[in-house]
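Values in this text are rule-based calculations from the coordinates and carry no lab data. Just so it is clear, the model here is predicted, and its values are computed rather than measured. Quick reminder, even Gly has a Cβ in these numbers, built from the backbone with ideal geometry, and neighbours come from all protein chains shown.
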Ligand code: 3HC
């Protein structure tokens, strides 16, 4: 099938985002910035305030850098509503779930939404590792379900991966692909396999960098410098590991190793121990580097 949008396209007006963490807040921001009425849900006021604060700060920084106009900032914020209730999502045409990577939590989220939303509403998951077909099968709308995988930092990274479950209908796929383009993103179609396209290639590279470091290849700084200055990567592997989160990388690696059983995906001992020690990267103040 062509990866260009054609044929039937559902009109999306209102978008729901479940989860206002690092990814959810970025997703809500780009949806609102693209002109959609956007409702973002968090479990409690504290998390919600933190997530909405992150969006406001990003927009303010954008204005200060001359990348966002004050009018665009204001219009984005007007289109964005935060909530702690599931009920507030009942009129959404499309709901993007960006909560913790836990199948039971996700299943509970879809079960609460399923009877509430309209028949045509599409569910999308931003999961980076769980099986989209399995997630779809836990809902009453497996044909109106897909994966939409964003990259961190969401407002800056141009790519999104569109993933079809075995059950995703052509109409849903085309609607989602067009929706991704309407956010100003470049979508690619990725298979429903662990890691999709990007993490399938990125994660073994990051794991290999840790293994090489464990084996004395060089200092963290020199390996990072090698890949930034030698290959033009925006971040070296250890800076990127700290940025993505060592726990997130460890989690994805384990899921990929479970599926493929190839040594390239096996988490190195150092990664496991750093996660166990709570050295998760930037978010914990200590990873391969100190913050
Ligand atoms: N609003 C609008 N624009 C902004 C902005 C803001 N608040 N903040 C920054 N920008 C713009 C800047 O003006 C700049 O634009 P320009 O290129 O036109 O000048 C651009 O964004 C880059 O910003 P900075 O110059 O401030 O920062 P850097 O040059 O250091 O880039 C980065 C930061 C984009 C994060 C870059 O380091 C990068 O691309 N890193 C790699 C990130 C990456 O690989 N992400 C994917 C991780 S994997 C993942 O997410 C998948 C998951 O499943 C694990």
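Entry note, the chain: the mean residue ellipticity at 222 nm calculated from DSSP H runs of n ≥ 4, each adding -39500 (n - 2.57), is -14000 deg cm²/dmol after division by the residues and rounding to the nearest 500.
For the pair residue 84 and residue 171, a Förster radius of 30 Å applied to the C-beta separation gives a FRET efficiency near 0.40, rounded to the nearest 0.05.
When the chain is treated as a Gaussian network with alpha carbon springs shorter than 10 Å, the biggest mean-square fluctuation among 65, 56, 225 belongs to 65. Grab the beta carbon distance between residue 112 and residue 56, set R0 = 22 Å, and tell me the FRET efficiency rounded to 0.05. It comes out at approximately 0.20.
Spacing of the modelled spin labels on residue 13 and residue 65, each 7 Å from Cα toward Cβ, amounts to 3.4 nm.
So for the chain: antiparallel DSSP bridges make up what percent, rounded to the nearest 5?
Working: 7 of 32 bridges.
Here the antiparallel bridges make up roughly 20 percent for the chain.
Computed extension length for residue 159-residue 45: 38.0 nm, one decimal, from 0.36 nm per residue of separation with the Cα-Cα distance subtracted. Extending 7 Å from the Cα toward the beta-carbon at both residue 272 and residue 119 defines two label points whose distance is 5.1 nm. How far, in degrees from 0 to 90, does helix 198-214 lean away from the longest principal axis of the Cα atoms of the chain, to the nearest 10? The angle comes out near 20 degrees. Against the empirical 2.2 N^0.38 Å (N residues), the chain has a Cα radius of gyration ratio of 1.01.
For residue 103 and residue 205, FRET efficiency with R0 = 45 Å and r from the beta-carbon atoms, rounded to 0.05? Please report the intermediate quantities before stating the final value.
Details: r = 27 Å, r/R0 = 0.59.
Efficiency for this residue pair is about 0.95.
Among 230, 82, 146, the largest mean-square fluctuation in a Gaussian network model of the chain, built with springs joining Cα atoms closer than 10 Å, belongs to 230.
What is region 91-146 by shape, rounded, prolate or oblate, if you read a ≥ b ≥ c off the alpha carbon gyration tensor as root eigenvalues and call it rounded for a/c under 1.5, prolate for a/b larger than b/c, and oblate otherwise? It comes out prolate by the Cα gyration axes.
Taken over region 192-260, the ratio of Cα radius of gyration to 2.2 N^0.38 Å equals 1.13.
Roughly speaking, what is the stretch gain from residue 225 to residue 258, that is 0.36 nm per residue apart minus the C-alpha to C-alpha distance, in nm to one decimal?
Residue separation times 0.36 nm, minus the Cα-Cα distance, leaves 8.7 nm.
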